[in-house]
1. Under a 5 Å amide H to amide H cut-off, with H placed in plane at 1.01 Å, what residues pair with Phe39 once short-range neighbours are removed?
2. Quote the relative contact order of the stretch 1-96 in percent (integer), defining contacts as alpha-carbon pairs under 8 Å separated by 6+ residues.
3. Pull up all non-local amide H partners of Val19: gap of 5 or more, or a different chain, and H-to-H distance under 5 Å with H placed in the peptide plane.
4. Which angle between 0 and 90 degrees, to the nearest 10, do you get for helix 58-74 versus the longest principal axis of the chain when only C-alpha atoms count?
5. Tabulate in residue order the Karplus-calculated ³J(HN,Hα) for the stretch 76-88, using 6.51 cos²θ - 1.76 cosθ + 1.60 with θ = phi - 60°, rounded to whole Hz; enter x for Gly and Pro.
6. If you count only protein heavy atoms and use a 1.4 Å probe, how large is the accessible surface of Lys70, to the nearest 10 Å²?
7. Two decimals is fine: what's Rg over Rh for the chain, C-alpha atoms, Kirkwood radius as Rh?
8. On a 1.4 Å probe surface of the protein chains, which of Met107, Met1 comes out largest in accessible area, and what is the full order?
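The values are calculated or read from the model by the stated rules, or taken from the named source; none is laboratory data. Note that this is a predicted model, so its numbers are computed, not measured. To get the accessible areas, we keep the full protein, side chains included, count just its heavy atoms, and leave off ligands, DNA and RNA. Shrake-Rupley method; radii C 1.70, N 1.55, O 1.52, S 1.80 Å.
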Amino acid sequence: MQDCLFCKIIAGEIPSNKVYEDDLCYAFYDIDPQAPTHFLVIPKQHIQSVAAVDETNSAIVAHCFEVIAKVTKELGLDSFRVVSNIGEQAGQSVFHLHFHVLAGRDMTWPPG
Ligand code: 5GP
Ligand code: ZN
């Protein structure tokens with residue numbers, strides 16, 4: 001999608017520090033990490049947020065979670081948090097579906 005930051009990262013138009021890539025998804029380290037390990041897993045297909053998941057794209061989202069399980073195992077992370085912000089009030093700033101994966105420090109609950 002034109003003018004989408006994460007579509008540009010997927011296309012290689014904006015550099016990123018890649019963690020993992022396959023036909024359906026891309027994972028890369030967050031530019032402003034909020035934990036010792038903080039990366040994002042995104043579908044290559046432009047989906048606005050979790051609120052836009054439906055029967056036409058949910059298999060891709062399921063695949064993102066397989067990738068999260070695989071990559072965290074490879075990185076030796078046995079405790080981590082997965083977060084997806086939906087809409088501005090919840091803190092979404094990039095409107096291309098992404099799952100934050102955060103690890104390496106104590107996490108508080110509830111989140112702020
Ligand atoms: P959101 O605020 O939408 O939940 O998450 C967007 C995330 O994208 C933020 O954590 C932000 O630091 C990250 N981000 C924004 N621009 C870039 C960029 O150009 N490169 C990388 N690697 N991360 C980015
Ligand atoms: Zn996009």
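1. Asp30, Val101
2. Values: 97 pairs, mean separation 25.7, N = 96.
The normalised contact order for the stretch 1-96 reaches 27 percent.
3. Ala27, Phe28, Tyr29
4. The angle comes out near 40 degrees.
5. x, 8, 9, 9, 7, 10, 10, 10, 9, 8, 10, x, 5
6. Accessible surface of Lys70 is approximately 90 Å².
7. Numbers: Rg = 13.5 Å, Rh = 14.4 Å.
Ratio value, two decimals: 0.94.
8. On the way: Met107 60, Met1 135 Å².
Sorted by accessible area, descending: Met1, Met107.
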